[in-house]
Each structure stands twice: as structure tokens, then as C-alpha cells.
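The values are calculated or read from the model by the stated rules, or taken from the named source; none is laboratory data. Remember, it's a predicted structure, so these values are computed and weren't measured experimentally. Ideal geometry is used to build each Cβ from the backbone, glycine not excepted, and the neighbour counts take in all protein chains shown. Surface areas here come from the heavy atoms of the whole protein model, side chains and all, with no ligands, DNA or RNA. Shrake-Rupley method; radii C 1.70, N 1.55, O 1.52, S 1.80 Å.
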Amino acid sequence: MRNTARWATMAAALAIAIVGSGLPLAAIAADTDAVAFGKQVAFDRKKGNCLACHVMDDGESPGNIGPPLIAMKARFPDRARLRAQVWDAQVANPGTRMPPFGKHQALSEKEIDAIVDYLYTL
Amino acid sequence: MKFTKLTLAAICALIAAAAMADKKASETSPSEDLSVYRDYFAKRFPGVPLNEFGNGVYSIDRVSRDSWEAIEEFPPYEPMIEAGEAFWNQKFANGKSLGSCFDGNPAQRTNYPHWNAERKMVMTLPLAINECLIANGETALNYKKGKIADVLAYMSYESRGQKINVEVPDDPDALAAYSAGKSFYFARRGQLNFSCAQCHMESAGMYVRTDILSPAVGHASGWPVYRSKWGELGTLHRRFSGCNKQVRAKPFAAQSEQYRNLEYFLTHMSNGIEYNGPSARK
């Protein structure tokens with residue numbers, strides 16, 4: 001009984017925090033969806049296929065040609081720079097082995113956005 | 001530590017690749033290229049003797065080498081060598097046979113590819129076989145698999161131990177063909193934008209998922225190859241075509257000028273290594 005009350009209080013507090021932060025609940029749900037979609041696109045062999053070269057998240061048997069994708073927010077505080085890396089890494093590094101997913105339309109703009117959302121959770 | 005080593009290796013690769021690719025093709029001679037290329041792989045994989053690179057990824061990976069050696073004890077390509085020998089001995093309608101175009105000697109591997117000065121083109125062994133068939137009123141073979149791979153398997157088997165020694169003569173047309181092959185090798189292509197060198201030179205020994213990228217030196221030695229992925233024998237140009245498709249580029253035709261020039265360059269880069277085809281690969 002006590003526990004139930006505690007959970008109820010916590011849930012209420014969380015609800016107030018969310019409302020107070022000005023984030024509509026629907027937007028949070030949408031973000032979660034985008035992250036999940038981003039992960040799906042990143043892991044799909046016919047889409048991002050990021051695991052071919054990068055250690056990331058819980059992906060099994062990753063390659064090691066690219067750097068591990070960890071602490072992405074700390075490494076790319078500027079989201080636009082991270083997105084530019086996925087879109088065409090050759091701009092920042094002409095010798096890169098990373099495919100230009102946006103420039104060559106291997107991924108759609110929406111898919112790239114979702115991948116960046118997902119990368120920011122790593 | 002491993003990561004640092006690999007990173008260093010990648011940087012060295014970039015420098016070596018840049019040294020070979022960034023200069024105008026005419027600025028470095030084929031023999032200079034060969035020495036840069038060999039040095040690069042010797043430093044990248046210290047302790048691996050040059051001839052070992054003829055065994056592809058198995059020259060640098062102990063684990064996959066063990067299962068490969070087990071496969072080679074009962075080679076999956078053995079029946080194809082026999083089929084190829086039968087094809088070699090088979091009489092044409094005119095009473096001659098393939099041997100009539102090759103001095104009766106199937107051990108021709110070391111003579112191809114070569115520069116044909118009269119025709120101003122790179123001659124490859126599969127092309128010579130088909131030209132022989134056509135000249136004798138027979139039907140030309142498909143260049144990627146099947147009978148051509150069988151007869152190449154027999155001829156390569158008979159040629160085992162011959163050393164690769166592709167000479168590029170001091171002839172502007174031959175040098176142009178060599179340079180075209182070299183440019184092909186270093187040029188990015190396809191939607192995924194990879195060059196041959198980025199995977200098999202800069203990233204040799206590194207992992208793409210669970211696959212280790214094989215070093216490019218020695219890539220020309222073991223053909224035709226029985227690939228487990230194919231479940232059959234295939235030719236070098238079939239593999240070129242597959243590689244191009246993997247980077248989502250439109251492949252060229254087997255025995256096209258582009259692939260013959262690439263074979264010319266790639267085989268020159270394997271000079272000094274023994275022909276050891278046919279072979280088995282993952």
C-alpha cells in the first residue's frame with residue numbers, strides 16, 4: 001500500500017516535470033520512435049549497415065574500420081556536424097572510407113535525421 | 001594497443017596509396033609502384049613472406065587458415081580440374097583441340113596477362129582460350145563460370161609454382177593500359193564510394209563485420225577460385241564484377257578493356273608470387 005502510494009507520487013511528479021518542461025508527451029513518444037527507427041536503419045545491412053565498420057550499442061560482431069560510436073553527444077556537441085559526417089564524411093576528411101550516405105542518396109534525409117537522433121543516445 | 005596499431009597502419013596506407021595514386025600515373029614507373037606496394041604490405045604484415053600472400057586472407061589470419069587448410073585437403077575444385085582436362089583434350093569439329101593454340105602445353109599461367117603490342121591491348125588467358133575456340137569454329141564460353149573456369153582450373157593446376165612476372169614494356173600504349181588499371185584500382189566508385197585500395201590496401205587485415213579484408217598483394221595468384229559463397233568455381237573477372245556490385249557500382253563486362261587493364265595492374269603488383277590456382281576461398 002505504501003509502495004503503491006510512493007509510485008503514484010513519483011508518477012505524478014514525473015508528469016508535472018514533463019508538463020513543466022514544456023515537452024508535450026506526444027513529442028517524447030515521437031522522439032522515442034525516431035530513435036528506434038534510427039537504430040533500425042543504422043543496423044539494417046541494406047541501409048546504414050553501420051556495424052560493418054563501427055562498434056556501436058548492442059550490435060553483434062561489429063567491424064573495426066571506423067571508430068567506435070560512443071559518447072557521440074560529447075564528441076559532436078554540434079548536431080549539424082554529426083549529421084554532416086553521415087551525409088558526406090569526405091567533406092571533413094577527403095581520405096575517409098565512410099560512404100557519403102546523403103550525397104549519394106543511400107539513405108533518405110529522414111533516415112539520416114533518425115540515425116543522428118539515435119547516435120545522440122550513444 | 002591493437003586499435004592504435006591499426007590506426008597507424010591505416011595512416012601508413014593512406015600515405016603509400018597517396019604516393020602511388022596522387023602523382024600523375026606517368027610519374028611513377030610500374031617497377032617503382034611495385035616496390036612501394038610490396039614495401040607497404042611487408043611493413044603492414046611483418047613476418048609474412050611475400051609468397052604467402054598468394055594465400056589471401058589465410059596468409060594473415062591463423063583461425064581461418066586452419067579451416068581453409070582442412071578444406072584444401074579434399075579440394076572442392078578437384079572435379080573441375082578433371083572436367084577442364086577433358087575439355088582441353090576434347091577434339092574440335094576440325095580435329096584440332098585447345099592445345100593447338102598453346103603449343104600443346106596447358107601450363108600457360110605465367111604467360112598471361114601480357115601486353116600485345118600489335119593489337120595494342122592486354123591479352124588475358126580466358127580471352128586467348130575463347131579466341132582459340134572461335135578461330136576453330138567452336139562456340140565461345142561464358143567468361144565468369146562454368147567451362148571456362150574448369151579449363152582455367154586445369155591450366156592453372158598445371159602451372160602451379162610458376163612465378164607471376166608481368167612485364168610492362170616501355171611502350172606508351174602499354175603504359176597507358178597499366179595506368180588505366182591503376183587508376184581503376186585507386187578510384188572511388190559506386191554509391192558506397194569505395195576504391196579497391198581503400199578496402200584491400202588501407203583496410204587489409206581489418207574487420208568488416210566478421211570478415212577480415214584480405215591483403216591485395218597476391219590477389220591475382222589463385223584463380224580460378226572455388227568460393228564457398230558461390231558454391232562453384234569462378235574467374236577473376238567474376239570477382240571484379242562482384243566487388244563492383246558490392247560497392248553498388250555498375251559492373252563492367254568480364255574481359256572488358258577496363259577489367260583486363262585492372263588485371264594487368266593487379267597481376268603486376270603480385271609479381272614474384274607463385275601462381276597457386278585453383279584455390280578455395282570463403
**Item:** Rounded to whole Hz, the Karplus (6.51, -1.76, 1.60) HN-Hα couplings of the range B:181-196, x for glycine and proline
**Value:** x, 5, 4, 4, 4, 9, 7, 5, 8, x, 4, 7, 6, 9, 9, 4
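Need one number: buried accessible surface between chains B and A, 1.4 Å probe, both sides summed, DNA, RNA and ligands left out, in Å² to 100. Could you put the intermediate results ahead of the total?
On the way: alone 13710 and 8300 Å², together 20220 Å².
For B against A, buried area totals roughly 1800 Å².
GluC sites (Glu not before Pro), restricted to the range B:132-193: which are DSSP loop and have at most 15 other Cβ atoms within 10 Å?
On the way: sites: B:Glu138, B:Glu158, B:Glu167; in loops: B:Glu138, B:Glu167.
Sparse-neighbourhood loop GluC sites (Glu not before Pro): B:Glu167.
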**Cβ charges +1 (Lys, Arg) and -1 (Asp, Glu), total dipole of the protein assembly as shown, debye** = 1220
**Item:** Among B:Phe45, B:Phe92, B:Phe194, residue whose mean-square fluctuation peaks in a GNM of chain B (springs only between Cα atoms under 10 Å)
**Value:** B:Phe92
**Message:** From the phi angles alone, apply the Karplus equation (6.51, -1.76, 1.60; θ = phi - 60°) to the range B:204-217 and give each ³J(HN,Hα) in whole Hz, x where the residue is Gly or Pro.
**Reply:** 3, x, 8, 9, 10, 6, 8, 8, 8, 6, 6, x, 6, 5
**Item:** For chain B, built as a Gaussian network whose Cα springs stay under 10 Å, the top-fluctuating residue of B:Leu262, B:Leu98, B:Leu236
**Value:** B:Leu98
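Is it possible to state the helix-based mean residue ellipticity at 222 nm for chain B, with each DSSP H run of 4+ residues giving -39500 (n - 2.57), the sum divided by total residues, to the nearest 500 deg cm²/dmol? What is it?
Numbers: 9 runs with 121 residues, N = 282.
Here the helix-only value at 222 nm equals -13500 deg cm²/dmol.
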**Request:** Find how many whole Å separate the alpha carbon centroid of the range B:196-239 from the alpha carbon centroid of the range B:83-114.
**Result:** 28
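How much net charge surrounds B:His237 when only other residues with a Cβ under 11 Å from its Cβ are counted (Lys, Arg +1; Asp, Glu -1)? Walk me through the numbers on the way to the answer.
Numbers: positive: B:Lys144, B:Lys145, B:Arg238, B:Arg239, B:Arg260; negative: B:Glu263.
Around B:His237, the charge tally is +4.
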**Listed pairs B:Lys91/B:Lys182; B:Lys43/B:Lys145; B:Lys43/B:Lys120; B:Lys120/B:Lys144; A:Lys73/B:Lys282 exceeding 32 Å between Cα atoms** = B:Lys91/B:Lys182; B:Lys43/B:Lys145; B:Lys43/B:Lys120; A:Lys73/B:Lys282
**Message:** Which one, B:Val151, B:Ser64, B:Leu98, is farthest towards the positive end of the dipole of chain B when Lys and Arg carry +1 and Asp and Glu -1 on their Cβ?
**Reply:** B:Ser64
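Would you work out what percent of the accessible area of chain B, with all protein chains in place, is carbon or sulfur (probe 1.4 Å)? Before the final figure, lay out the partial values.
On the way: 6890 of 12800 Å².
Taking all protein chains in place, chain B shows 54 percent carbon and sulfur surface.
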**Request:** Would you look at the GNM of chain B, springs on alpha carbons closer than 10 Å, and say which of B:Asp39, B:Asp103, B:Asp211 moves the most?
**Result:** B:Asp103
**Asked** lysines near A:Lys103 by alpha-carbon distance under 20 Å, same-chain residues fewer than 8 away left out - which ones?
**Response** A:Lys46, A:Lys47, B:Lys245, B:Lys250
**Prompt:** Put a dot 7 Å past each Cα toward the Cβ at B:Glu257 and A:Gln40; how far apart are the dots in nm?
**Reply:** 4.8
**Request:** Would you mind telling me the antiparallel percentage of the DSSP bridges in the protein assembly as shown, rounded to 5?
**Result:** 75
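Return the loop-located trypsin sites (Lys or Arg not before Pro) in the range B:75-117 (DSSP other than H, G, I, E, B) with at most 14 other Cβ atoms within 10 Å of their own Cβ; answer none if there are none. Don't jump to the answer; show the numbers that get you there.
Details: sites: B:Lys91, B:Lys96, B:Arg109; in loops: B:Lys91, B:Lys96.
Of the trypsin sites (Lys or Arg not before Pro), the ones in loops of the range B:75-117 whose Cβ has at most 14 other Cβ atoms within 10 Å are B:Lys91.
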**Message:** For the protein assembly as shown, what does the accessible surface come to per residue with a 1.4 Å probe? Please give it in Å².
**Reply:** 50
**Item:** lysines whose Cα lies under 20 Å from that of B:Lys96, excluding same-chain neighbours fewer than 8 positions away
**Value:** B:Lys147
**Residue-wise HN-Hα coupling along the range A:106-121, computed from phi with Karplus coefficients 6.51, -1.76, 1.60 (Hz; x: Gly, Pro)** = 6, 10, 7, 4, 5, 5, 5, 4, 5, 4, 5, 4, 5, 4, 5, 8
**Message:** Positive end of the dipole of chain B, charges at C-beta (+1 Lys, Arg; -1 Asp, Glu), about the Cα centre: which of B:Leu192, B:Tyr40, B:His219 has its Cα farthest in that direction?
**Reply:** B:Leu192
**Prompt:** Using modelled amide H (1.01 Å from N, peptide plane; none on Pro or chain starts), what sits under 5 Å from the amide H of B:Ala280, excluding residues fewer than 5 places away?
**Reply:** B:Tyr226
**Fill in**
Residues other than B:Ile81 with Cβ under 12 Å of its Cβ, Lys/Arg counted +1 and Asp/Glu -1, net out at -4
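What size of dipole, in debye to the nearest 20, comes out for chain B about its Cα centre when the only charges are +1 on Lys and Arg C-beta atoms and -1 on Asp and Glu C-beta atoms? Please report the intermediate quantities before stating the final value.
On the way: 33 positive and 30 negative charges, 232 e Å.
That gives a dipole near 1120 debye.
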**Message:** If you average the alpha carbon positions of the range A:90-122 and of the range B:118-166, how far apart do those two centres end up, in angstrom?
**Reply:** 44
**Request:** Mind pulling the angle between the C-alpha long axis of helix B:125-135 and the longest principal axis of chain B? Nearest 10 degrees, somewhere in 0 to 90.
**Result:** 20
**Fill in**
With Cα coordinates, the longest principal axis of chain B makes an angle with the long axis of helix B:78-89, in degrees rounded to 10, of 40
